[in-house]
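These notes concern the structure reproduced below.
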Amino acid sequence: LARRDLTVNAIAKDSDGQLTDPYGGLADLKAGILRHVSPAFVEDPVRILRVARFAARFGFRIADETLALMRNMVENGEINALVPERAWQELARGLMEQTPSRMLLALRECGALARILPEVERLFGVPQPQRWHPEIDCGIHTLLGLDYAAMQGYALPVRFSVLLHDLGKGTTPKEEWPRHIAHELRSATLVKPLCGRLRAPKDCRELALVVARFHCLPHRAYELRPETLLKLLLDTDALRQPQRFEQFLQACTADYCGRTGYENRLFHHADYLRAALNAAAGIDAGAVARQAGDNPLTIRDKVQEARLEALIRWHAGALRPNS
């Protein structure tokens, strides 16, 4: 038991059902405290992530002495020894907890977030226009969106995408604050190396890139012309990957609702874009292709023309709520 990481994990039961609790784990469990067992805690830097994940799972407080030890591990560079696969495993599990923001806050408190996800750390303290973001702080917005995604039970790729969707705002020059012009492009540029560094799986990586690059457009869905709607569907590969497009819309919903006072609002724009996809996908592509002849380029162009015509007809009668 002395080699266990936390006191709450260092409780044993013998064959007679008697508990052995040499480090006060039961008391810490009752008090909601995460406390390390011994100095051996420092031997494995992944324990920093585990403690942060447990904070997200149970809502427990990290003991002052354990937090100090975690800070020392970060400052001494021991966090740099994390194996990417193990780091990803713990981060992914933490993102799937009920309140993943607690994991991020715990990692911030000990300084580990700046080492593991410096792109996310840079978001904190960066302001946004209060008119659109009552919470103002970009980092807080990310945490709110992440917890909303968890509350809705969204899958890991969606939650990971919400975590990374605004990375570009962390690189906006201070003289341009609180505006963040073209942050989507900068976000997508940052997502690629981050995913490579963590060795994130393909589904998480690809969705995160799409969300980072295009998450602002759904917020303006009612303003988009049929031509722009079709381009969005093509750029997000919605026609070939409708399930991923649904995850894209979920991430955008979390972005919308992850704002102070917006938690219980409905993001009607997502339904609007679902209807647009149905209209574009509803054409008889086979019939169009047969009429177009044997030239693949001609077939592609004719199919896109048919999709655009379908969107124009749909757009003319589509309802656009005010919210």
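Laid out as a table, the results:
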| quantity | calculated |
| --- | --- |
| Sites Glu263 and Ser38, calculated FRET efficiency, Cβ-Cβ separation with R0 41 Å, nearest 0.05 | 0.50 |
| Cα-derived Rg over Rh, computed across segment 1-93 with Rh taken as Kirkwood radius | 0.99 |
| Equivalent ellipsoid, the chain (semi-axes from 5 times Cα gyration tensor eigenvalues, Å) | 45, 21, 18 |
| Relative contact order of the chain, pairs being alpha-carbon contacts under 8 Å that are 6 or more residues apart, as % | 12 |
| Between helix 101-110 and the chain: long-axis angle, C-alpha atoms, 0 to 90°, nearest 10 | 50 |
| Packing-based exposure ordering (other Cβ within 10 Å, fewest first) of Ser101, Ser161, Ser187, Ser38 | Ser38, Ser101, Ser187, Ser161 |
| Full-extension gain in nm, Lys174 to Gln18, via 0.36 nm per residue minus C-alpha separation | 50.1 nm |
| Rounded to the nearest 20 debye, dipole of segment 1-93 from Cβ charges on Lys, Arg, Asp, Glu | 320 |
| Cα-based reach from Lys302 at 22 Å (exclusive), listing lysines while leaving out same-chain residues under 8 positions away | Lys231 |
| Stretch gain in nm, segment Arg225-Lys192, where the contour uses 0.36 nm per residue and the Cα spacing is subtracted | 8.9 nm |
| Unit charges on C-beta of K, R, D, E only; dipole of the chain, Debye | 400 |
| Neighbour-count ranking [beta-carbon atoms within 10 angstrom, fewest first] of Ile299, Ile79, Ile181 | Ile181, Ile299, Ile79 |
| Computed E for Asp137/Ala287 - FRET, C-beta separation, R0 51 angstrom, nearest 0.05 | 0.45 |
| Crossing angle, helix 138-151 versus the chain [Cα axis fit, 0-90 degrees, rounded to tens] | 90 |
| Cα long-axis angle, helix 84-95 against the chain (0 to 90 degrees, to the nearest 10) | 80 |
| Förster radius 51 Å - calculated FRET efficiency between Asp235 and Val46 (Cβ-Cβ, nearest 0.05) | 0.85 |
| Within straight-line cross-link reach of Lys30, lysines at Cα separation under 25 Å, skipping those fewer than 8 residues along the same chain | Lys13 |
| Eligible lysines near Lys192 by straight Cα distance, threshold 21 Å, same-chain separation 8 or greater | Lys169, Lys202 |
| Cα lying deepest toward the dipole's positive end in segment 135-200, options Tyr148, Ile181, Leu167, charges on Cβ | Leu167 |
| Computed [θ] at 222 nm, helices only, for the chain once each DSSP H run of length n ≥ 4 contributes -39500 (n - 2.57) | -17500 deg cm²/dmol |
| Fewest-first ranking of Val8, Val46, using other Cβ atoms within 10 Å as the exposure measure | Val46, Val8 |
| Net lengthening on full extension, Asp203/Asn72 (0.36 nm per residue, minus Cα-Cα) | 43.7 nm |
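Any read-out appearing in this document is the output of simple, stated calculations on the displayed coordinates, not a laboratory observation. No experiment lies behind these values; they were computed from the predicted model shown. Cβ coordinates were reconstructed from backbone atoms using ideal geometry, including for glycine residues, and neighbour counts include every protein chain displayed.
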